[in-house]
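The values are calculated or read from the model by the stated rules, or taken from the named source; none is laboratory data. What you see is a predicted model; the values in this text were computed from it and never measured. Ideal geometry is used to build each Cβ from the backbone, glycine not excepted, and the neighbour counts take in all protein chains shown. The area values use the complete protein model at the heavy-atom level, side chains included, leaving out ligands, DNA and RNA. Shrake-Rupley method; radii C 1.70, N 1.55, O 1.52, S 1.80 Å.
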Amino acid sequence: MTVFRMFAVSPPGLEGFTLRELEELGAQGKAETGGVEFKGSLELLYRSNLMLRTANRVLVRVATFRATSFRELVERVKRYPWEIYISSKVPLRLRVTSKASRLYHTGAIAERVLEGMKERLGFAPSTTNSEDEGEAIIVRVVRDRFTISVNSSGAMLYKRGYKKLVGKAPLRETFAAAMLMASGWDRKTPLIDPFCGSGTICTEAALFCTCTPPGILRGFAFERWKIHDQNLWHRIKEEAKGRISPCTAPILGFDISEKALELAEKNAASAGVAQYISLKRESFPKTGLETAYIVTNPPYGLRVFVPDVEKIYRKLGEWIKRSFREATVCLLAPDKRLASATGIPLERLTSFSNGGIRVGLYVGKWVRE
Ligand SMILES: C[S@@+](CC[C@H](N)C(=O)[O-])C[C@H]1O[C@@H](n2cnc3c(N)ncnc32)[C@H](O)[C@@H]1O
């Protein structure tokens, strides 16, 4: 059985969540900046692509070696079984970075890597610069050590295949999934997003609650590989589909924008979970609920102008205190001042860059005395 050395690329700040997910899949991983290293079979490679909610890619580390001259680089590259991943039909997209190494000219490195591959394959692989096509090959050189990886996922995994339309300041699905994990949502208590926008948190919550594999609607680069095992892949997908169950908790989304709610409705429908999500055009409404998980991405006033953003966080806190006997709160805020404006004790678990803006992920609990 081939054992693949893999690396699940996570958005920086989410590595811990990806590690937890991999452990739930039965893998032993090691988190490092930018992702989690793990090893396993083709089955694990398929499962991780299909199931990981917080990672963006699963790379296969094909080659690791030391080279200090171009001749040595070509000699090394040609020893690896590139025929498994590369066919004459799919062009390659090489991304090269080099740090503190004898070979530093990234264009020349790419040329020699292609030369080594050509010697092994018996044909010259074609190349492309387009982000949307081709087999991505990632060449990393650090202190003369080369690591060459193949992207098994294809398009980034946050692209689940259901979001046809995005709002003004959308949240990536990977971040929404991490917020749900960070909140510790029990999938029984109602979940509310009072600033739901295009509904990413609500849709991800419904997918999570129903155990729907996040990748079930999309394709993956590994489906083009020579070693691709269609029977195994079919079985894994069917087993995962068999575990889908009805949603066990109410999911509520509110927003003041009619347009945002229309997008949320369409996205939830194309994800196949619209029946589990109630969307309403309201601001801080009465819900009649005693307990809830509030998981939300309020406006920060940076990408979209908001006159008094602190007031929004203050009103959010007042609404939570007024409405619920007990609430677990998980929100994003660009700084501690805004998180504190809610008046709810919140702890910053991690931070990440959402659409170019650094935000903290805050979690806390409100219990009425
Ligand atoms: C940062 S966006 C949320 C994006 C969302 N997470 C998504 O994935 O599309 C903030 C949302 O808050 C809404 N909003 C702003 N002020 C509001 C208020 N007072 N009550 C309810 N919604 C409000 C905006 O219309 C916007 O859709």
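Here are the numbers for the structure shown:
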quantity: Options Thr2, Thr33; residue that is within 26 Å of Arg143 (Cβ to Cβ) and either surrounded by fewer than 16 Cβ atoms within 10 Å (Cβ to Cβ) or modelled with pLDDT of 95 or more (or both); calculated: Thr33
quantity: Residue that is farthest from the chain's Cα centre (by Cα) [pool: residues in the range 263-303 that are of a type in the set (Ser, Thr, Tyr), at pLDDT 95 or above and within 13 Å of the ligand (Cβ to nearest atom)]; calculated: Ser283
quantity: The range 191-223: number of residues that are more than 16 Å from the ligand (Cβ to nearest atom), farther than 17 Å from Gly154 by Cα and in contact with a strand residue (DSSP E or B) (Cβ under 9 Å, 6 or more places away or on another chain); calculated: 1
quantity: Enumerated helices (runs of 4 or more DSSP H) restricted to the range 180-277, each holding at least 2 residues that are in contact (Cβ under 8 Å) with a residue 40 or more places away in the chain and under 23 Å from Asn297 (Cβ atoms); calculated: 200-209, 258-270
quantity: Matching residues in the range 182-218 - criterion: being surrounded by 22 or more Cβ atoms within 10 Å (Cβ to Cβ) and acidic (Asp, Glu); calculated: Asp193, Glu204
quantity: Exclusive hit being at pLDDT below 95 and away from the ligand (no atom under 16 Å from the Cβ), set Lys226, Lys188, Lys164, Lys168; calculated: Lys226
quantity: Of all residues making up the range 304-326, the number that are in contact with a helix residue (DSSP H, G or I) (Cβ under 9 Å, 6 or more places away or on another chain) and either near the ligand (Cβ under 9 Å from one of its atoms) or touching a residue at least 40 places away in the same chain (Cβ under 8 Å) (or both); calculated: 2
quantity: Cβ-Cβ under 6 Å pairs, at least 6 apart or on other chains, the range 49-61 side closer than 14 Å to Ala27 by Cα, far side acidic (Asp, Glu) and open to solvent by 10 Å² or more (accessible area, probe 1.4 Å); calculated: Leu52/Glu21
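Quick grid of which residues meet (1) exposed (fewer than 14 other Cβ atoms within 10 Å of the Cβ); (2) assigned by TED's automatic domain parsing to the domain that holds Leu191; (3) of a type outside the set (A, V, I, L, M):
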{"position": "Gly288", "(1), (2), (3)": "yes, yes, yes"}
{"position": "Arg314", "(1), (2), (3)": "no, yes, yes"}
{"position": "Gly317", "(1), (2), (3)": "no, yes, yes"}
{"position": "Ile320", "(1), (2), (3)": "no, yes, no"}
{"position": "Pro334", "(1), (2), (3)": "no, yes, yes"}
{"position": "Leu338", "(1), (2), (3)": "no, yes, no"}
{"position": "Thr342", "(1), (2), (3)": "no, yes, yes"}
{"position": "Pro345", "(1), (2), (3)": "yes, yes, yes"}
{"position": "Leu349", "(1), (2), (3)": "no, yes, no"}
